[in-house]
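Worksheet: the structure to be examined is printed underneath.
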Amino acid sequence: MLLSYDDVGANRRWRLSFRCCGSRHESAVAFVGRLGLHDMIRFIPLSLLATAALVFAGCSTPSHSSFETVVIDPNGNFRLYVSNQSFAISPVDIEVFLDGKRVVDGSFEVGSQHTIEVFVLKLSPGRHKIVAESSKGHAKLEQDFEVTAKTWAALDFWYYPKMVGGAGPCPRHFTLDVSQEPIYFL
């Protein structure tokens, strides 16, 4: 089905029947609602193809590291997310120690930078110390943090040796973000 500018009605300025956020003009959903049965049947394969493309192009599952997602205590109050954010070193070895005990030891693929391993642990409320190390990545992090009833933390390894787009080089390092509320990833 080919659309002319007259077919898209209020969206005739746009080549496709999409609108910008906040536009007061008719939306693509309203346009699709005006299509006849014959047009809808021809529209379905295209929408299925577009949906499949979005699903397969989105966040990938881990390519997989040397371990499956580990649940140390499914009822634990501390959720640790570990990720490799470096295309320069993939996989990268990461060891994580909590209060001197090793809780993570594995190889982490960068994937699409949305490859995140989850570790659920039971920690007592109070101050704790996390140490993250990578021999291949030549990085180490030591940081104290507070655990309350429920705590979430994201540990990421970063390294970019050269300029990429507008970003400058990024040295080898870990970052740790700790939150008393759930952490969500895009």
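With the Cα gyration tensor of segment 78-179 giving a ≥ b ≥ c as the square roots of its eigenvalues, does the rule (a/c under 1.5 for rounded; else a/b larger than b/c for prolate; else oblate) give rounded, prolate or oblate? In terms of gyration-tensor shape, prolate.
Each Cα pair under 8 Å and six or more residues apart adds its separation to the average, and for segment 78-179 the resulting relative contact order is 31 percent.
A Förster radius of 41 Å combined with the Cβ-Cβ distance from residue 150 to residue 88 puts the calculated FRET efficiency at roughly 0.75. Label-to-label distance for residue 179 and residue 101 is 2.6 nm, based on points extended 7 Å past Cα in the beta-carbon direction. List the lysines whose alpha-carbon lies under 26 Å from that of residue 150, not counting same-chain residues fewer than 8 positions away? Result set, ordered by chain and number: 101, 122, 129, 140.
FYI, it's all coordinate maths here, none of it is from the lab. Fair warning: this is a prediction, and the values are worked out from it, not measured in the lab. Cβ coordinates were reconstructed from backbone atoms using ideal geometry, including for glycine residues, and neighbour counts include every protein chain displayed.
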